[in-house]
Amino acid sequence: MTSTENIRTQTPVRRLGDVVFSNAATFAGVSILATLALVAAFLIAESIPAFTGVEIAAAKNGFWAYVGPFVFGTVFASTIALLIATPLAVGIALYISHFANRRFSQVLGYAVDLLAAVPSVVYGLWGILVLAPFLTPSYRWLNDNLGWIPFFSGTVSATGRTMLTVSIVLAIMVLPIMAALIREIFLQTPRLYEEAALALGATRWEMIKMAVIPFGLPGIISAAMLGLGRALGETMAVAMVLSPSAVIGFAVLTSTNPNTIAANIALQFPEAGGNYVNLLMATGLVLFAITMLVNLGARWVINSRKEFSGAN
């Protein structure tokens with residue numbers, strides 16, 4: 001056996017630092033899965049009375065009739081927020097990464113990151129005291145001129161505490177996280193791609209359209225799903241701004257609005273008792289399942305597109 005073959009057959013020596021780091025990383029990964037499993041098991045165990053036909057005064061027509069309006073309100077508000085926040089996040093990320101000068105882009109990046117640290121209760125207070133009164137005249141204009149559209153129909157709320165106001169607040173709340181993530185993805189675009197597009201005669205916008213956005217598309221999807229996940233679970237801002245009702249409706253300017261699961265739990269849990277606690281736990285389990293499905297769907301979209309593989 002030659003010396004080269006002898007070296008190849010030898011088992012590599014693992015240093016103490018490698019062993020510690022490997023075990024710590026493994027423990028961290030397993031702990032995430034264990035925590036997720038424990039949360040799911042807790043919710044399922046506490047939700048059993050709500051699914052087994054136990055009579056609960058708050059759910060006279062059954063569990064799904066009770067939770068239906070809350071599921072609708074949760075998905076509806078989060079979807080509107082995502083539609084508002086996604087193009088803004090992409091525009092902010094593009095401006096910081098490819099248009100602003102270096103010094104101003106750093107300042108703007110820090111400002112965007114700081115917005116993510118603002119507590120949700122502050123956003124809720126701002127939504128009630130500033131945004132809602134400010135938008136009320138615009139709501140009346142939309143109702144007068146576009147009232148034939150179901151979204152803008154009905155009697156406009158005099159206070160401005162509507163589903164559209166909540167969605168705008170949610171969009172502003174998820175915007176910093178989305179913009180920061182998309183910005184970092186855009187900054188990772190290979191310089192060779194950008195220079196090749198410019199060398200072929202492309203303008204800056206054409207270069208962004210051909211090189212930057214295709215490379216950053218998985219990051220945009222991931223950021224959108226991350227923002228959607230936060231919007232789905234947001235509690236205080238929704239509970240403070242929205243005037244909720246147990247209804248299902250698409251009008252976003254009226255005072256009759258569907259509530260969200262998280263806000264309903266926050267408002268009802270302090271005074272809940274007996275089987276009503278189990279009912280609220282069951283609605284939390286539904287929210288948990290919705291969040292899981294959203295994240296699994298995002299991962300499926302990314303994995304199903306071969307062109308995304310370079311940014312995974």
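Quick one: grab the alpha carbon gyration tensor of the chain, order the square roots of its eigenvalues as a ≥ b ≥ c, and give me rounded if a/c is under 1.5, else prolate or oblate depending on whether a/b is larger than b/c. The shape class here is oblate. Summing charges over neighbours of Met207, with a neighbour being any other residue whose Cβ is under 10 Å away from its Cβ, gives -1 when K and R count +1 and D and E count -1.
The stretch between Val277 and Ala41, if pulled fully straight at 0.36 nm per residue, gains 83.3 nm over its current Cα-Cα span. Quick one: net charge of Ala132's neighbours, Cβ under 14 Å, K/R +1, D/E -1? Residues near Ala132 contribute +2 overall. Near the amide H of Asn257, within less than 5 Å, lie the amide hydrogens of Ser245, all on another chain or at least 5 residues away, with H placed in the peptide plane. Considering only Phe269, Phe134, Phe104, give the residue with the highest GNM mean-square fluctuation for the chain, with springs between Cα atoms whenever their separation is below 10 Å. Of Phe269, Phe134, Phe104, the Gaussian network model singles out Phe104 as fluctuating most. On the beta carbon distance between Ala116 and Leu88, with R0 = 22 Å, the FRET formula returns roughly 0.95. Length gained on full extension, Glu195 to Ile32: 54.6 nm, using 0.36 nm per residue less the C-alpha separation. For the chain, the 222 nm mean residue ellipticity estimated from helices alone, with every DSSP H stretch of n ≥ 4 adding -39500 (n - 2.57) and the total spread over all residues, rounds to -22500 deg cm²/dmol.
Over what distance in Å are the Cα centres of the range 214-288 and the range 110-170 separated? Their Cα centres are 16 Å away from one another. Helix 275-303 axis versus longest C-alpha principal axis of the chain: approximately 40°, rounded to the nearest ten. Highest average first, the peptides 229-237, 23-31 ordered by how many other beta carbon atoms sit within 10 Å of their residues are 229-237, 23-31. Assuming a ≥ b ≥ c are the square roots of the Cα gyration tensor eigenvalues, decide whether the range 139-251 counts as rounded (a/c under 1.5), prolate (otherwise, with a/b larger than b/c) or oblate. Since a/c reaches 1.5 and a/b is larger than b/c, the shape of the range 139-251 is classed as prolate. Counting only alpha carbon atoms, the long axis of helix 132-146 and the longest principal axis of the chain meet at about 80°.
Only the coordinates and a few stated rules stand behind these numbers; no lab work does. Keep in mind that this is a model prediction, so the values were computed, not measured. No Cβ is skipped: glycine too gets one built from the backbone with ideal geometry, and neighbour counts run over all protein chains shown.
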